[in-house]
Every structure is written in structure tokens, then in C-alpha cells.
Amino acid sequence: MKRFDKFWLGLLIGVLIPSVFIIVYLITYYPNFDGLKAMLVHLFPSALFGKLLILSIFPNLLLCFVFYKTDTFRIAIGLLTGAIPYLIVSFFM
């Protein structure tokens, strides 16, 4: 596991996991919309989108805990760094 202990790998995972979580969440709980673009246009100006961004950070935190316990600290730092943009945007929503 030590050979995968790279910061950029954690950053890539940290940016992609919340995006995938948002897409899966929207498809699961908003099945009456036709597409992802329609869902995001409907949710973007509302406060619900900010709450959805905060909710999407939780899988990152779970993975950060798992990588921290397996002593791969660079991946854990990358995961937390990848979650920061989602957190900042959620504060402005």
C-alpha cells in the first residue's frame, strides 16, 4: 500500500468522489427529472445545493479515516485537500 501513497492520487480521488456522490444522490432521490443538467439547473440557485455539497464531503472523510488508519498519510491529506473546494463553495451558497 505504500507505493500508492501519493498526494496527487488522493487529490484526484478527493475531487472525484464528491462529484460521483452528487450524481448518484440526485439520480436516486430526484428520478422525475430528465437529465443531470436539468437537476443542476433546478438546484443551483437554492440553498439545497449548498447542503448537497456539504453532504458530498462525507464519503471523503470516511475514506480519509480509512487511509489514515492504514498509514497512507499522503493519500489522506490529498483527500482532505480535494474536499476543500466543495466546502468553500458550500459556504457561499
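The values are calculated or read from the model by the stated rules, or taken from the named source; none is laboratory data. What you see is a predicted model, and the numbers here were worked out from it, not measured in a lab. When we count neighbours, we look across all protein chains shown, and the Cβ atoms used for this are built from the backbone with ideal geometry, even at glycine.
Data overview
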item	result
Residue match in the range 69-77 (condition: over 22 Å from Leu9 (Cα atoms) and aliphatic (A, V, I, L, M))	no
Listing of helices (runs of 4 or more DSSP H) fully contained in the chain that carry 1 or more residues being at pLDDT below 90 and out of contact with any Lys or Arg (no Cβ under 7 Å at 6 or more places or on another chain)	7-29, 36-43, 47-56, 73-92
Output for the range 1-52, where each listed residue is exposed (fewer than 13 other Cβ atoms within 10 Å of the Cβ) and basic (Lys, Arg)	Lys2, Arg3, Lys37
